[in-house]
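Below is one structure. I have some questions about it.
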Amino acid sequence: MKINQLLIATFVGAQFTVTALAGDATTNSTEAAEIEVLKQEIQKLDQKVSEIETQHQAQQPVADSADKQQIQDLDQKVRILSRERELDQDAAATAAKSAPKITLGSGGFGFSSSDSNFVATIHGLIQVDSRTFSQDNHIQGNDSILLRRARPIITGTVYHDFDFNFTPEFGNGTPGAASAATTPSIYDAYINYHYSPWFQIEAGKFKPPVGLEYLQSDTYTLFNERSLVTDLIPGRDVGFELHGDIVGGVVSYAVGIFNGVGDGQKNTSNIGFQNDREFDGRLFLQPFKATSIAALQNFGFGVGGSWGSSSITNTLDLPNTTGGSNPGFYTDGQQQFFAYRSGIVAANSHWRLSPQAYYYYGPLSLLAEYAISDQQVSTNGLTHSADLQNTAWEISGGWVLTGEDATFNGVTPRHVFDPRNGGWGALQVVARYAELNVDKAAFPLFADPTASASGAQAWSLGLNWYLNKNIRVNASYSHTTFTGGGAASATTAPASVSSHPEDVFFTRVQLSF
């Protein structure tokens with residue numbers, strides 16, 4: 001385009017010059033000849049200009065075609081690169097879906113297959129307690145700082161429908177024996193098949209479905225130790241259980257067959273030596289759970305029970321030996337206040353019944369339970385026997401001062417403990433009253449009235465501080481009085497315990513995840 005403009009300008013200029021020269025042709029013939037020559041040159045120049053324009057017009061479509069082809073080539077390359085990126089992203093997403101998953105949070109450390117058919121979670125519970133008795137002149141060694149519980153807990157699922165739990169105990173495995181040697185033991189070890197929420201089958205070692213407070217996790221109990229009612233409730237046992245939740249937990253049921261365990265025995269052995277079995281069951285209702293009545297959604301009530309019959313006499317069906325040398329019952333401070341005489345054995349039938357209820361609304365929590373344990377006992381020579389019906393009841397409650405909701409599964413602080421940012425956790429005040437009464441027919445043949453109390457009455461007050469979902473600090477005080485019991489000069493349990501009221505101050509620092 002620039003060449004054409006230059007040639008045209010040159011041609012115009014030449015024509016102007018010719019015109020000027022032509023004006024003087026009449027005066028100078030020589031100049032006329034020169035003008036003729038210039039005209040010829042101009043004609044040649046004009047011819048070249050025409051040739052150049054024709055050539056340029058012929059080349060322009062070729063250049064445009066080349067540019068268009070180059071643009072098309074670049075566009076194709078961009079499309080190819082974009083598709084390759086999409087394929088890479090799809091491959092990365094596919095690889096991520098098939099890769100194992102790892103989670104870390106307040107609920108534990110989790111490992112899962114990509115399809116969630118295989119899941120394993122590591123939990124833990126550590127409780128560091130102290131017990132300080134105000135009247136401990138006759139009982140040496142009971143004031144103590146102890147590792148109450150130290151449990152690594154492994155739970156999980158295999159093939160989607162089979163759950164498992166394995167919980168060993170490395171803390172104070174024998175409740176109440178603060179000076180006892182710590183022996184690792186297995187607390188929970190079971191497999192649970194959950195076809196659906198309403199139909200599940202469990203097999204192994206776990207808590208039988210009887211007592212409400214005992215079924216509450218050790219992590220969430222209001223006080224360091226459970227109430228006197230649990231003295232009459234069976235502890236962990238080996239067996240099979242059918243259980244489930246119907247209509248989202250409005251109705252919960254459980255029935256099972258177990259080896260059988262004595263009252264208050266929190267952890268039986270992994271095998272049973274009885275010839276017969278024990279049947280346990282529980283039905284619990286939350287009639288307003290699925291309704292819009294917020295004030296009643298967390299109200300529940302039910303009943304648990306057990307029945308067993310032994311064809312041989314044994315001591316395995318009697319209570320634990322906590323705090324003493326013979327089977328018996330123990331206080332909030334885990335000291336034995338009642339014991340059977342030496343040589344007493346369990347015989348024939350043993351049944352329990354435990355009506356129970358709880359209520360949670362906002363910061364308020366209430367739990368009530370009653371227990372009857374009907375145990376047939378005999379002297380070792382079977383010359384004398386009796387059907388003893390021991391009873392216990394309790395009511396406990398709490399109020400969260402900081403306003404969080406109280407639940408059967410603890411309190412979750414709105415603001416975790418973080419003084420730098422003004423967070424102090426949640427505070428809960430708690431109170432409890434409980435009684436246990438031994439059947440009068442136990443005295444004097446099966447228990448010594450000068451040593452064992454026929455009843456215990458305990459009230460407790462406490463403060464629980466939830467620093468966050470995983471850390472909790474407790475402080476509580478328990479006062480227990482006794483009906484009957486030993487002489488003031490006694491130096492061994494149960495007489496040394498029942499001879500005067502028990503006053504004990506508890507503390508606890510707990511980590512759970």
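The values are calculated or read from the model by the stated rules, or taken from the named source; none is laboratory data. This structure is a prediction, so every number in the text was calculated from the model and none was measured. So basically every Cβ, Gly included, is an ideal-geometry build from the backbone, and we count neighbours across all protein chains shown.
Search region 339-350 for residues that are under 25 Å from PHE482 (Cα atoms) and pair each with any residue that is aromatic (Phe, Trp, Tyr) and not in a strand (DSSP E or B) when their beta-carbon atoms are under 7 Å apart and the residues are at least 6 apart or on different chains.
Going by the 7 Å Cβ cut-off, the qualifying pairs are TYR340/PHE446; ARG341/PHE446; ILE344/PHE446.
Among the residues of region 411-448, how many are in contact with a Gly (Cβ under 6 Å, 6 or more places away or on another chain) and either without any contact (Cβ under 8 Å) to a residue 24 or more places away in the chain or of a type in the set (S, T, N, Q) (or both)?
Within region 411-448, residues that are in contact with a Gly (Cβ under 6 Å, 6 or more places away or on another chain) and either without any contact (Cβ under 8 Å) to a residue 24 or more places away in the chain or of a type in the set (S, T, N, Q) (or both) number 3.
Residues of region 202-218 being in a strand (DSSP E or B) and either outside the structural domain of GLY304 (by TED's automatic domain parsing) or surrounded by fewer than 21 Cβ atoms within 10 Å (Cβ to Cβ) (or both), which ones?
GLU202, ALA203, GLY204 - these are the residues of region 202-218 that are in a strand (DSSP E or B) and either outside the structural domain of GLY304 (by TED's automatic domain parsing) or surrounded by fewer than 21 Cβ atoms within 10 Å (Cβ to Cβ) (or both).
Across region 334-361, what is the number of residues that are among the small types (Gly, Ala, Ser) and at pLDDT 95 or above?
3
State all residues of region 473-487 that are surrounded by 22 or more Cβ atoms within 10 Å (Cβ to Cβ) and without any contact (Cβ under 8 Å) to a residue 60 or more places away in the chain; if no residue qualifies, say none.
Within region 473-487, GLY486 is the sole residue that qualifies.
Select, from VAL411, VAL438, VAL429, the only residue that is in the same structural domain as ASN314 (by TED's automatic domain parsing), crowded, with 16+ Cβ neighbours inside 10 Å and closer than 17 Å to LEU222 by Cα.
The match here is VAL411.
If you don't mind, there's one more thing I want to ask. Take the residues in region 266-287 that are crowded, with 21+ Cβ neighbours inside 10 Å and over 26 Å from the mean Cα position of the chain (by Cα); name whichever of them is modelled with the highest pLDDT.
The extreme case among them is ASP280.
Quickly run through region 158-201 and pick out the residues that are more than 19 Å from the chain's Cα centre (by Cα), of a type in the set (Val, Ile, Thr) and either in a strand (DSSP E or B) or at pLDDT 95 or above (or both).
If the condition is that a residue be more than 19 Å from the chain's Cα centre (by Cα), of a type in the set (Val, Ile, Thr) and either in a strand (DSSP E or B) or at pLDDT 95 or above (or both), then ILE186, ILE201 are the ones that fit.
Name the residues in region 219-234 that are closer than 24 Å to LEU318 by Cβ and either assigned to a helix (DSSP H, G or I) or out of contact with any Pro (no Cβ under 8 Å at 6 or more places or on another chain) (or both), would you?
ARG226, SER227, LEU228, VAL229, THR230, ASP231, LEU232, ILE233 - these are the residues of region 219-234 that are closer than 24 Å to LEU318 by Cβ and either assigned to a helix (DSSP H, G or I) or out of contact with any Pro (no Cβ under 8 Å at 6 or more places or on another chain) (or both).
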